[in-house]
Amino acid sequence: MPRFAFQARDEAGRSIQGIELALDESDLDRRLATMDLFLVDARMLRRSLRRARGSRGLIDFCYHLAIVIEAGIPLLQGLQDIGAEESHPLAEVVQDITRKIEGGSTLSAALGDYPGHFPPLVVASVRAGEATGQLDRILHDLVRYLEWREGLKRQIVSAASYPALVLTGIVGLCILLVGWVLPRFLEIFVELGVALPLPTRVLLVIQQFLHAYWPPLLLALCIGAVGAWLFGRSDSGRLRIHQGLLRLPVVGGLISMIEMSRFAHNLGVLYGAGLPVLQALEMVEDAIQNRVIRRQIRSRRERVEAGETLATSFTSSEHIPVLVARMIAVGEVSGRIEESLARVASYYDREIPRLIQTMVGVFNTGTMLLLGAAITTIALSIFVPLYSMMGNLNAGAS
């Protein structure tokens with residue numbers, strides 16, 4: 001739906017400026033009339049409102065509102081304070097949300113108009129908080145969940161950065177030595193008739209092959225990359241990729257743990273907010289990124305919808321661990337599912353960083369061994385014939 005920057009006047013004649021979603025100017029006029037505003041001028045915006053970078057702006061927004069409501073400050077005043085901060089990444093969006101609420105909209109409905117800034121989990125939790133009168137507690141729960149998600153993302157990026165940098169360095173070094181350094185030494189070796197050892201001959205064959213066939217190889221690489229990208233975008237291709245990732249040693253276990261932690265965090269927040277279990281499971285299903293595990297969550301939801309209890313439907317399977325099934329059963333019997341899910345989430349929050357650090361340590365060792373092997377092979381390919389050449393020159397001189 002297009003956005004319009006508008007200028008209007010209220011009943012007192014004051015000028016009001018803002019941004020509003022509308023089908024056209026006539027629809028915009030009707031929408032403003034419901035807010036007791038009279039349209040003066042309107043201009044369609046070609047670009048959407050400035051998006052917040054990352055989830056930091058969303059976390060700050062939820063935390064600020066939680067404190068405001070907890071302190072008994074009116075909601076509109078709290079929103080106006082956020083909108084007045086020009087440095088806040090959601091300032092423009094919050095200004096528009098404030099106007100919607102002044103026009104009679106609820107907070108959840110106003111947030112729902114901006115799905116790019118406020119995910120369905122946030123909108124549904126806020127709606128449940130408004131219905132139960134526990135909006136401040138639910139916002140605090142959301143802040144904890146969003147901070148956990150941001151922290152997990154930072155851990156994964158940090159863990160992957162160093163190995164990626166080392167591998168890039170290895171590839172760059174090999175390209176430099178094989179493509180630039182080695183050919184110049186080979187010219188000298190061939191001119192002086194130096195016998196080349198096996199590593200040097202192998203690198204020479206590779207270098208000559210790449211030099212002769214680099215255009216078709218580059219074309220094949222591009223076609224393969226595009227094909228892999230298209231395959232990964234298709235539903236069947238993505239499912240196969242996710243199945244393959246889960247079968248990888250260590251990596252598959254890490255992915256499963258991350259998804260179970262995401263499941264426990266999301267379901268705990270939504271169930272604690274008072275959402276019906278079926279609606280909560282449907283939203284959790286959308287939050288799961290691995291397609292294989294998402295299918296298993298969907299099948300459990302369908303079993304609950306068919307009349308099974310939550311504990312019965314979440315029996316252990318290949319990718320739903322016994323721990324999760326058991327804690328759901330305990331929580332359902334005791335009537336404290338939210339607490340049981342919190343314990344599951346806490347367990348995975350401890351284990352995931354530990355497993356990531358172990359993987360990083362193993363991978364770093366492997367990359368260093370690979371770097372050492374590559375440098376040793378290339379060094380031998382150059383220095384062994386160089387040493388032989390020096391010996392021939394010394395023998396000839398004597």
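Tabulated data for the structure shown
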read-out: Residues located in the range 172-189, provided they are hydrophobic (A, V, I, L, M, F, W, C) and surrounded by 12 or more Cβ atoms within 10 Å (Cβ to Cβ); value: LEU173, CYS174, LEU176, LEU177, VAL178, VAL181, LEU182, PHE185, LEU186, ILE188, PHE189
read-out: Criterion (over 24 Å from ARG31 (Cα atoms) and of a type in the set (Val, Ile, Thr)) met by exactly one of THR106, THR132; value: THR132
read-out: The range 302-330 - residue that is outside any helix (DSSP H, G or I) and in contact (Cβ under 8 Å) with a residue 40 or more places away in the chain and, of those, surrounded by the most Cβ atoms within 10 Å (Cβ to Cβ); value: ILE320
read-out: Exclusive hit being within 21 Å of ALA329 (Cα to Cα), part of a helix (DSSP H, G or I) and touching a helix residue (DSSP H, G or I) at 6+ places or on another chain (Cβ under 6 Å), set VAL284, VAL292; value: VAL284
read-out: Selection status of ARG43, closer than 23 Å to GLU150 by Cα and modelled with pLDDT under 80; value: no
read-out: Residue within the range 375-396 that is over 30 Å from PRO183 (Cα atoms), of a type outside the set (Gly, Ala, Ser), assigned to a helix (DSSP H, G or I) and in contact (Cβ under 8 Å) with a residue 24 or more places away in the chain present; value: no
read-out: Residue pairs meeting the criteria (Cβ under 6 Å; at least 6 apart or on separate chains; first at positive phi and in contact (Cβ under 8 Å) with a residue 60 or more places away in the chain, in the range 269-296; second crowded, with 20+ Cβ neighbours inside 10 Å and in a helix (DSSP H, G or I)); value: GLY274/ALA128
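The values are calculated or read from the model by the stated rules, or taken from the named source; none is laboratory data. Worth saying up front: this structure is predicted, and the values here are computed from it rather than measured. Cβ sites come from the backbone with ideal geometry, for glycine too, and all protein chains shown count toward neighbours.
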